[in-house]
Amino acid sequence: MGEEIRWVKTHCARMDHGGCGLLVGVENNQIVQIKGDPQGYLNHGYTCFKGRVSADRLSHPDRLKYPLKRIGERGEGKWQRISWDEALGETAENLLKIKDKYGAKAVGFGVGMPKGLEHFVLIRLANIFGSPNVIASQDVCHAPREITGVHTCGFYPVADLHNPSSLILCWGGNALSTNEEGQLGSLVLEQMKKGAKLIVVDPRRTEIAARADLWLQLKPGTGPALALGFLNVILEESLYDQEFVENFTYGFEELSQHVKRYTPEVVSEITLVPAELIRQAARMYAAAKPAALLWGNAIEHSIYTFDYTRSLNCLMAVTGNLEVPGGNVNAHDPKIMGLGEFVRADLIPTKAKEMISAHHRIIPRLMTIAPAYFRKAVLEGIPYPVRGYYGMCTNPLVNWADSRVTYEALKSLDFVAIADLFMTPTAAMADIVFPVAHQYEMNDIGHYGIGHGMVFARPKIVEPPGECWPDMKIMNALGKRVSPSELWKEDYEEFLEDVVRPAGLSYKEFVTKGYLKGPDRFKSYLEKGFRTPTGKIELMLSVAEKFKLKPLPEFVGQPEEIDSEYPLILISAKSRDYLHSSYRWVEKIRQREPHPFVEIHPDTAVAYGISDGDSVIIKTRHGEIVQVARITDSVLPQVVCAAIGWWFPEGDASQQFEWRKSNFNMLTSIEKLGKEFGTPNLKSLSCQIRKG
């Protein structure tokens with residue numbers, strides 16, 4: 001007779017941006033059920049399908065359980081099992097060899113989207129090692145909104161979904177399918193039940209667009225023009241918050257003159273959104289008190305993301321929706337250890353001048369390296385040679401723009417080490433592979449350092465299999481081998497104690513509480529102003545000339561010109577079933593979405609002789625892939641929407657699991673980059689299609 005089911009409270013992670021409170025049922029060191037915690041701060045009992053089946057990853061037969069060393073050619077898929085001592089020793093030896101020859105900055109430390117404390121242990125490892133180069137996906141995820149917000153407002157404006165809003169303007173996001181950090185779709189639905197209106201801006205009819213009071217189906221690539229059209233209506237019709245604008249903004253007159261040319265009629269020609277619908281939406285947003293602008297990751301997938309995020313910052317500001325309950329707020333952290341102290345930023349004081357990105361004059365305060373610039377350093381030695389890479393929670397061969405360049409970079413490096421749950425296409429290119437523990441197999445803290453003013457407890461629930469170690473433990477052990485051991489912990493779990501100690505808590509006490517949230521401080525600008533050079537919201541940037549930035553946001557055209565050879569506009573969308581390139585090995589999820597589907601309008605399908613379920617070749621100027629047709633009127637006739645993150649775990653290991661076949665990033669390029677963040681075009685690409 002088995003033991004009685006034991007229920008443990010935790011928070012979801014790595015299946016999405018995480019944060020849903022969970023109740024996890026355990027029996028004989030096995031997770032037997034996962035359900036939403038009704039007391040969960042963010043989800044109130046909701047959880048998605050992939051969260052409910054997330055434990056299926058733990059016992060998967062293909063899971064990595066022991067450290068591996070490459071014995072064939074790089075990428076050939078031939079491995080030898082080695083001990084932890086050997087794996088750590090070889091990694092340390094190679095990293096130190098590169099450091100001795102080229103300097104510490106010749107090693108890049110890579111991270112994807114973990115959303116746990118390991119992210120910051122990795123930054124600590126880089127800093128203590130002496131490398132200013134942490135390679136992350138922030139150029140296309142989070143940083144454009146966060147850093148632009150800091151330059152414009154003095155803080156990162158987060159939609160407050162915990163206080164009543166009169167209206168939610170959901171711009172380029174689909175919260176009912178894929179969630180931002182702490183911005184769960186269940187919170188949006190609760191607001192709507194209480195009477196909040198919903199406006200959605202999206203080129204696709206998404207789940208959330210289908211529920212909207214107004215849906216603005218814009219032409220892909222024209223979002224900045226639409227935002228400037230909203231500003232035109234609000235300023236020309238004097239719908240702005242006059243008291244806030246007069247007292248707390250800088251550059252209002254200049255912005256007012258600047259947006260005069262973006263009339264609804266002009267913007268309608270650009271975006272295909274009817275002029276009267278633009279007026280109606282802008283008036284609704286301006287009239288709602290308060291209104292929250294819930295902006296999605298899609299607005300960061302263009303070389304013009306700086307203009308896009310700036311225009312939306314201005315929209316929040318002129319309507320007086322900043323720092324008010326139910327609007328967009330400055331989320332303050334609870335009493336926890338500060339990031340700078342945790343990552344030992346003091347040990348690398350010249351980082352901003354020495355990092356790869358400094359050569360490319362990226363926007364100040366962005367402290368990670370855009371993948372495009374990292375690969376340029378690897379392949380061309382610009383601005384200096386980079387010869388080593390340690391990566392965790394990341395699969396750049398599939399997820400970075402221009403996968404061919406990533407492959408060449410991984411091939412050419414002197415040494416690559418990867419830590420992961422499974423053998424991914426990127427891990428297949430490594431020299432050493434470390435097997436990691438899953439979220440449920442280690443103690444962790446979630447949402448630290450991502451600007452949402454809260455941290456969540458993720459206690460260990462079951463023991464990991466084989467010789468799997470938490471990422472934090474791996475890096476703590478590696479740190480002792482490549483840098484002074486006194487800068488590291490006797491036990492890696494001391495990192496957890498460090499974070500919550502300022503709150504007067506032990507980690508165990510923090511787990512009992514479940515989460516910590518910082519204080520609400522609305523309208524603090526009345527006393528202190530805003531943390532910008534002028535002390536006001538900078539509708540026009542006062543430091544534009546100093547940092548070679550645009551003072552005012554503008555629309556300069558489509559990211560790519562559409563022509564007769566490539567007449568269709570290609571976009572992509574995240575899947576509610578997967579997270580980027582992860583979990584295609586989880587059978588229950590794969591059954592729900594077995595193939596990479598490309599959405600094609602019925603009229604377009606007829607024109608190209610394509611039927612539902614057909615193989616479709618998608619071709620851009622940069623490459624071609626094959627996906628499976630899904631005929632739907634959720635996209636415009638001139639638009640096709642492809643799946644992202646595809647590789648095939650069941651595929652040929654010697655070919656890195658067929659990452660070329662259906663991978664969206666075979667179609668993207670890093671030839672053109674946005675100056676401010678090093679962002680490539682991931683959407684609004686010109687393409688052609690044909691039946692496969």
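Would you pick out the residues in segment 506-530 that are closer than 18 Å to Glu493 by Cα and buried (at least 17 other Cβ atoms within 10 Å of the Cβ)? Of everything in segment 506-530, those that are closer than 18 Å to Glu493 by Cα and buried (at least 17 other Cβ atoms within 10 Å of the Cβ) turn out to be Tyr507, Phe510, Val511, Gly514, Tyr515. For segment 16-56, a residue qualifies if it is in a strand (DSSP E or B) and either of a type outside the set (Val, Ile, Thr) or loosely packed, with under 14 Cβ neighbours inside 10 Å (or both), and the qualifying residues are Gly21, Leu22, Leu23, Gly25, Glu27, Gln30, Val32, Gln33, Lys35, Gly36. Being assigned by TED's automatic domain parsing to the domain that holds Tyr304 and in contact with a helix residue (DSSP H, G or I) (Cβ under 9 Å, 6 or more places away or on another chain) holds for only one residue in Glu538, Glu554, and it is Glu538. Within segment 499-557, the set of residues being small (Gly, Ala, Ser) and under 26 Å from the mean Cα position of the chain (by Cα) comprises Gly514, Gly518, Gly557.
Considering (1) outside any helix (DSSP H, G or I); (2) outside the structural domain of Tyr308 (by TED's automatic domain parsing); (3) at pLDDT 95 or above; (4) not aliphatic (A, V, I, L, M), the lone condition that Trp585 does not fulfil carries the number (3).
Would you confirm whether any residue within segment 562-583 is touching a Lys or Arg at 6+ places or on another chain (Cβ under 6 Å) and over 27 Å from Ser268 (Cβ atoms)? Yes, some residue in segment 562-583 is touching a Lys or Arg at 6+ places or on another chain (Cβ under 6 Å) and over 27 Å from Ser268 (Cβ atoms). Considering only segment 419-442, I want to know if a residue exists there that is modelled with pLDDT of 95 or more, touching a Gly at 6+ places or on another chain (Cβ under 6 Å) and not in a strand (DSSP E or B). Looking through segment 419-442, at least one residue is modelled with pLDDT of 95 or more, touching a Gly at 6+ places or on another chain (Cβ under 6 Å) and not in a strand (DSSP E or B). Of the residues making up segment 658-692, those that are surrounded by fewer than 23 Cβ atoms within 10 Å (Cβ to Cβ), in contact with a helix residue (DSSP H, G or I) (Cβ under 7 Å, 6 or more places away or on another chain) and over 18 Å from Cys141 (Cα atoms) number 4.
Screening Met316 with (1) outside any loop (DSSP other than H, G, I, E, B); (2) surrounded by fewer than 24 Cβ atoms within 10 Å (Cβ to Cβ); (3) in contact with a helix residue (DSSP H, G or I) (Cβ under 9 Å, 6 or more places away or on another chain) gives one miss only, at (2).
The requirement of being among the acidic types (Asp, Glu), over 24 Å from Arg621 (Cβ atoms) and surrounded by fewer than 19 Cβ atoms within 10 Å (Cβ to Cβ) is satisfied by Glu545. If you filter segment 483-515 down to residues that are in contact with a strand residue (DSSP E or B) (Cβ under 7 Å, 6 or more places away or on another chain) and β-branched (Val, Ile, Thr), you find that the one that is nearest to Glu341 (Cα to Cα) is Val499. Within segment 406-418, restricting attention to residues that are in contact with a Ser or Thr (Cβ under 9 Å, 6 or more places away or on another chain) and surrounded by 21 or more Cβ atoms within 10 Å (Cβ to Cβ), the residue that is nearest to Val150 (Cα to Cα) is Thr406. Exactly one residue among Asp37, Asp56, Asp16 is at pLDDT 95 or above, under 24 Å from Arg576 (Cα atoms) and not aromatic (Phe, Trp, Tyr), and that residue is Asp37. Taken as a whole, the condition of being touching a strand residue (DSSP E or B) at 6+ places or on another chain (Cβ under 6 Å), crowded, with 24+ Cβ neighbours inside 10 Å and touching a residue at least 24 places away in the same chain (Cβ under 8 Å) does not apply to Leu226.
Out of Leu214, Leu218, Leu235, one residue alone is farther than 18 Å from Lys550 by Cβ, surrounded by fewer than 20 Cβ atoms within 10 Å (Cβ to Cβ) and at pLDDT 95 or above. It is Leu214.
Residues that are touching a residue at least 60 places away in the same chain (Cβ under 8 Å), touching a His at 6+ places or on another chain (Cβ under 9 Å) and within 29 Å of Thr620 (Cβ to Cβ) within segment 381-400 comprise Cys393, Asn395, Val398, Asn399, listed in sequence order.
The single condition from (1) under 30 Å from Pro383 (Cβ atoms); (2) in a loop (DSSP other than H, G, I, E, B); (3) out of contact with any Phe, Trp or Tyr (no Cβ under 9 Å at 6 or more places or on another chain) that Ser59 fails is (1).
The values are calculated or read from the model by the stated rules, or taken from the named source; none is laboratory data. Note that this is a predicted model, so its numbers are computed, not measured. Quick reminder, even Gly has a Cβ in these numbers, built from the backbone with ideal geometry, and neighbours come from all protein chains shown.
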